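Reviewing the structure listed below.
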């Protein structure tokens, strides 16, 4: 697992909002239930995404969450950076401080080029493009029942 569990939930929630493709706000409860994410855990994650400008939120009976920008203008990289920061794209895969070309970890030579490719993959994947495939049934966002 390269992403934290919070980040996985954040990406899934963002894709859920993009795939919903409706105006207005979606209740956190709806997202939580649809994706099998504990509501309290999702609520904390949503705060980070709102602070980063990925989501917008509104309180009250008709409140909830919405994407702050059109889904085709928001990348999965933005979601990852909002929740996990840039460590996935900059740090040692084994978590060793100071890992670099002069003092490499055992996986440094393999991980260094992969970091750039992983970042490019997330930067090139918009919520809008990915959500179309979710709506078409090509991707799933939740555990399968049974």
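Quick notes
- Filter result for residue 46 (modelled with pLDDT of 95 or more and buried (at least 20 other Cβ atoms within 10 Å of the Cβ)): no
- Any chance residue 3 is closer than 22 Å to residue 139 by Cα, in contact (Cβ under 8 Å) with a residue 40 or more places away in the chain, touching a helix residue (DSSP H, G or I) at 6+ places or on another chain (Cβ under 9 Å) and outside any helix (DSSP H, G or I): yes
- Residues of the stretch 105-128 classified as in contact with a helix residue (DSSP H, G or I) (Cβ under 7 Å, 6 or more places away or on another chain) and under 15 Å from residue 15 (Cα atoms), total: 6
- The set of residues in the stretch 9-49 being part of a helix (DSSP H, G or I), in contact (Cβ under 8 Å) with a residue 24 or more places away in the chain and within 20 Å of residue 138 (Cβ to Cβ) consists of 11, 12, 13, 14, 15, 16, 17, 18, 19, 34, 35.
- Some residue of the stretch 76-88 being over 18 Å from residue 11 (Cα atoms) and either in contact with a helix residue (DSSP H, G or I) (Cβ under 7 Å, 6 or more places away or on another chain) or modelled with pLDDT of 90 or more (or both): no
- No other residue among 114, 121 is closer than 21 Å to residue 7 by Cβ, modelled with pLDDT of 90 or more and over 14 Å from the mean Cα position of the chain (by Cα) apart from 114.
The values are calculated or read from the model by the stated rules, or taken from the named source; none is laboratory data. None of the values given here were measured: they were computed from a predicted structure. Here the Cβ is made from the backbone with ideal geometry for all residues, glycine too, and neighbour counts use every protein chain on show.
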